[in-house]
Amino acid sequence: MSAPPSKEATAPVLFGFPTTDNLSQALATFVLKAQDEALKKQPTFRIAISGGSLPKVLGKDLIGRDGVPWDKWEVFFADERVVPLDHEDSNFRLNDEHLFSHVPIPRQNIHVIDTSKLDDPEAVADDYEKQLVASFVGSSSIAFPRFDLVLLGIGPDGHTCSLFPGHALLDEMDGWVAWLNDSPKPPPTRITLTYPVLNHSLRVAFVSTGEGKQEIMKEVLDNPNPKEGLPSSRVRPISPGRVFFFSDDAALK
């Protein structure tokens, strides 16, 4: 079991921007800084990405950047819907449309779910966890992987990844990847990284845009409670990890 993040977590950092375009530019710079720092210490940059509106914001200013060592990126998904990769609900498809298909990340460096097991979400989660183990463990033994960067969104109900308010998975402290077939938001069957993985990351960045996020952003920022708060509020990486919020003014008013 991981150490309670509330004991060691550093206060969140909020970055606000006048427009979504300004946010996209700053987010791209932030991502590439995390990449550069990672590659000074290791051969790959390990990043986990969610879905929703995030891929479009992320891809806008990353695509076309010169000198990005895309071949050193290793991409996982913070959560994924248990559907075919070309399905409209697939987080892979969303990220592929807005980023992957426009940059030369080797396809073998993008870790996707095993679509031959879609009728068995537990097997899908187990396989995805094995992909994490193969990437992070190597010859050493670790309790949890340490991502260089995790990029997340915030749902109107405060959920993040596929960790929903009141769900039993909020208390999962042992596994790296969990599954559920009762998501309150369709599609119901998903896999997700767990809090111990999120809270061992070096950086977690939430991206929130638009007037529709005003109410939930106020609640998440004003009532941070890593133990009992909204799912987004419980993401508090233990030291030396940090959590960041990238929001446009529309989401912060």
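Which of the peptides 58-67, 124-133, 159-168 is most tightly packed, and how do the rest follow, going by the mean number of other Cβ atoms within 10 Å of each residue?
Highest mean packing first, the order is 159-168, 124-133, 58-67.
Of the peptides 189-196, 36-43, how do they stack up when ordered by the mean number of other Cβ atoms within 10 Å, highest first?
So the peptides 189-196, 36-43, ranked by packing, come out 189-196, 36-43.
Computed FRET efficiency, Cβ-Cβ of Lys117 and Ile63, R0 30 Å: what is it to the nearest 0.05?
According to the calculation, E is roughly 0.40.
Identify all aspartates and glutamates with a Cα-Cα distance to Lys33 below 18 Å; exclude those on the same chain that are fewer than 8 residues away in sequence.
Asp61, Asp66, Asp71, Glu74, Asp148
Given the DSSP H assignment, sum -39500 (n - 2.57) over each helix run of at least 4 residues in the chain and divide by its residue total; what's the result at 222 nm in deg cm²/dmol, nearest 500?
One gets -8500 deg cm²/dmol as the mean residue ellipticity at 222 nm.
Mind giving me the FRET efficiency for Leu252 and Val137? R0 is 30 Å, r the Cβ-Cβ distance, nearest 0.05 is fine.
That gives a FRET efficiency of 0.15.
So, by mean Cβ neighbours within 10 angstrom, what's the order for 175-182, 197-204 with the highest one leading?
Ranking, from highest mean packing down: 197-204, 175-182.
Based on the Cα atoms of the stretch 170-243, what semi-axes does the equivalent ellipsoid have, where each is the square root of 5 times one gyration tensor eigenvalue, given in whole Å with the largest first?
20, 19, 11
Once both labels are modelled 7 Å past Cα along the beta-carbon direction, what's the His87-Gln214 spacing in nm?
Taking the two extended label points, one gets 3.5 nm.
Stretched out fully, how many nm does the piece from Asn22 to Leu221 gain, at 0.36 nm a residue minus the Cα gap?
69.5 nm
For q = 0.14 Å⁻¹, what log10 I(q)/I(0) does the stretch 21-63 give under the Debye formula with an equal point scatterer on each alpha carbon and no solvent?
Relative scattering, expressed as log10 I(q)/I(0), comes to -0.35.
Can you send over the carbon and sulfur percentage of the accessible area for the stretch 1-142, probe radius 1.4 Å, protein chains only?
Reported share for carbon and sulfur atoms: 49 percent.
Over the Cα atoms of the chain, Rg to Rh with Kirkwood Rh, two decimal places?
Here Rg/Rh amounts to 0.93.
With every protein chain present, what is the per residue accessible area of the stretch 48-135 (1.4 Å probe, Å²)?
I get 45 Å² per residue for this part.
So for the chain, taking the charge dipole from beta-carbon charges (+1 Lys/Arg, -1 Asp/Glu), which of Tyr128, Ala48, Ser162 sits furthest toward the positive end?
Ala48
Given the pairs Lys130/Lys185; Lys56/Lys253; Lys41/Lys185, which are separated by over 32 angstrom at their Cα positions?
Lys41/Lys185
Relative to 2.2 N^0.38 Å, what does the C-alpha radius of gyration of the stretch 199-242 come to as a ratio? Two decimals please.
1.22
Provide the per residue accessible area, probe 1.4 Å, for the stretch 142-244, rounded to a whole number of square angstrom.
37
Take the alpha carbon atoms of the stretch 1-132, find their radius of gyration, then divide it by 2.2 N^0.38 Å using N residues; give the quotient.
1.15
Normalise the Cα radius of gyration of the stretch 72-173 by 2.2 N^0.38 Å (N = residues in it) and let me know the number.
Here the Cα radius of gyration is 1.14 times the empirical estimate.
The values are calculated or read from the model by the stated rules, or taken from the named source; none is laboratory data. Computed from a predicted structure; not experimentally measured. Note that each Cβ is placed from the backbone with ideal geometry, even for glycine, and that neighbours are counted across all protein chains shown. Please note that ligands, DNA and RNA were not included when accessible areas were found on the heavy atoms of the full protein model with its side chains. Shrake-Rupley method; radii C 1.70, N 1.55, O 1.52, S 1.80 Å.
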